[in-house]
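Take a look at the structure below.
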Amino acid sequence: MIIDFHTHTFPDKIADAALSKLRAASHTLSFTDGTVTGLKRSMKEASIDWSVVLPVATNPLKVESINDLSAALTERDGLVYFGCIHPDMENPKEEIARIARMGLKGIKIHPVYQGVDIDDLRFLRILDAAAEHNLIVVTHNGDDIGFPGVVHCTPQMTRNALKQVGSVKLVLAHMGGWKNWESVADALLDTSVYLDTAFSLGALVQSEPRHYSPEEERLLSEEDFCALVRAFGAQRILFGTDSPWSDQKREVEAISALPLAADEKKAIFFENAQRLLWKN
């Protein structure tokens, strides 16, 4: 079994426009058309059994309708939908309680897209409410390719948030901090966070004309990636691709080729995700 803990889709009518805008901002390629149908096709090609779909709320007024749709679609056809929340909502705790009542497994937050620091009180109350309702929180962590120079969620800021909130099932995307990998272990090793593997191994796949230098396009090497896995333990690593921004089949092959033990790969590919989603 393989579970992809980090994917995104868009409604059919806006998928093409949304992907075009995001490709232009990131100077990278997309590997599906951004629709649910495109994700399912990619999953089949990659032999992925389940994908977790993570909606991002960029507007507090859209949160409830997105969550209603997620609740209607989740846990069918190999897709587990999370809810979303926005830190500028008037009463996010009430919406988080509703997310839990609807049976969603977790929520996605994105400090960069939402323009708020992860250790700001607005996110602290969200983390606290999620913990109260036993929800998983997946957050973007580190820099963001579409917002160069914008800093809202470094590993140290995440540590500051956890010190104030306490125990919460928190998954940090992009191996704990995209392009902040040198500080991930020092800041977070003694916490309870999980790391997902999305968009972290190898190199960016740039669009033409090429925008990034060879140094800028470089992500984690196999050696550095495996060092993070062994520092945190394979039991705290979740396979994720960030589809449509990575090729799911290629990401499966890349993790499969790493010099990790079979039981470590098994934990990363599905056991940890299975435990978080269905056994807690």
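The values are calculated or read from the model by the stated rules, or taken from the named source; none is laboratory data. What you see is a predicted model, and the numbers here were worked out from it, not measured in a lab. Cβ atoms come from the backbone with ideal geometry, glycine included; neighbour counts cover every protein chain shown. SASA here: full protein model, heavy atoms, side chains in, ligands and nucleic acids out. Shrake-Rupley method; radii C 1.70, N 1.55, O 1.52, S 1.80 Å.
Taken together, LYS13, LYS40, LYS44 contain a single residue that is over 19 Å from the mean Cα position of the chain (by Cα) and closer than 22 Å to ILE66 by Cβ, which is LYS13.
Out of GLY83, GLY106, which single residue is within 20 Å of ILE2 (Cα to Cα) and either touching an Asp or Glu at 6+ places or on another chain (Cβ under 8 Å) or modelled with pLDDT of 95 or more (or both)? It would help to see each step written out before you state the result.
Details: GLY83 fails: within 20 Å of ILE2 (Cα to Cα).
Being within 20 Å of ILE2 (Cα to Cα) and either touching an Asp or Glu at 6+ places or on another chain (Cβ under 8 Å) or modelled with pLDDT of 95 or more (or both) holds for just one of GLY83, GLY106, which is GLY106.
Among all positions in segment 61-79, there is no residue which is more than 25 Å from THR37 (Cα to Cα), modelled with pLDDT under 95 and surrounded by fewer than 21 Cβ atoms within 10 Å (Cβ to Cβ). For segment 156-196, filtered to residues that are in a helix (DSSP H, G or I), under 23 Å from GLU132 (Cα atoms) and not aliphatic (A, V, I, L, M), the residue that is most open to solvent (accessible area, probe 1.4 Å) is LYS163. In segment 47-84, the qualifying residues are those that are charged (D, E, K, R) and on the phi > 0 side of the Ramachandran plot, and the one that is nearest to the chain's Cα centre (by Cα) is GLU75.
Please verify whether ALA15 is in contact with a strand residue (DSSP E or B) (Cβ under 7 Å, 6 or more places away or on another chain) and open to solvent by less than 30 Å² (accessible area, probe 1.4 Å), treating the condition exactly as stated. Against the criterion (in contact with a strand residue (DSSP E or B) (Cβ under 7 Å, 6 or more places away or on another chain) and open to solvent by less than 30 Å² (accessible area, probe 1.4 Å)), ALA15 does not qualify. Taking segment 130-146 as the range and being open to solvent by 40 Å² or more (accessible area, probe 1.4 Å) and free of Cβ contacts under 8 Å to residues at least 40 places away in the same chain as the test, the residues that pass are GLU132, HIS133, ASP143.
The single condition from (1) open to solvent by 10 Å² or more (accessible area, probe 1.4 Å); (2) touching a Leu at 6+ places or on another chain (Cβ under 9 Å); (3) at positive phi that GLU222 fails is (3). Of all residues in segment 78-108, those satisfying the criterion of being touching a residue at least 40 places away in the same chain (Cβ under 8 Å) and either of a type in the set (Val, Ile, Thr) or over 16 Å from HIS133 (Cβ atoms) (or both) are LEU79, VAL80, ILE85. When segment 18-35 is limited to residues that are assigned to a helix (DSSP H, G or I) and among the hydroxyl-bearing types (Ser, Thr, Tyr), the one that is least open to solvent (accessible area, probe 1.4 Å) turns out to be SER26.
Those residues that are part of a helix (DSSP H, G or I), within 22 Å of SER51 (Cβ to Cβ) and of a type in the set (Gly, Ala, Ser), I need them from segment 202-241; list them, please. Give the derivation first.
Within segment 202-241, the subset part of a helix (DSSP H, G or I) is 214-217, 222-232, 234-236.
Okay, now just the ones that are also within 22 Å of SER51 (Cβ to Cβ), so 225, 229, 234-236.
Correct list: ALA234 only.
Cβ-Cβ distances below 7 Å connect the following pairs, each with a first residue in segment 183-203 that is touching a residue at least 40 places away in the same chain (Cβ under 8 Å), a second residue that is among the small types (Gly, Ala, Ser) and in a helix (DSSP H, G or I), and a separation of six or more residues or different chains: ALA185/ALA231; LEU189/ALA231; LEU201/ALA254; GLY202/ALA254. Cβ-Cβ contacts under 8 Å between residues 6 or more apart (or on different chains), taken from a first residue in segment 37-49 that is within 12 Å of THR7 (Cα to Cα) and part of a loop (DSSP other than H, G, I, E, B) to a second residue that is modelled with pLDDT under 95 and open to solvent by 10 Å² or more (accessible area, probe 1.4 Å), are absent.
Scan segment 102-147 for residues that are assigned to a loop (DSSP other than H, G, I, E, B) and either under 28 Å from ARG76 (Cα atoms) or among the small types (Gly, Ala, Ser) (or both) and the total you get is 11.
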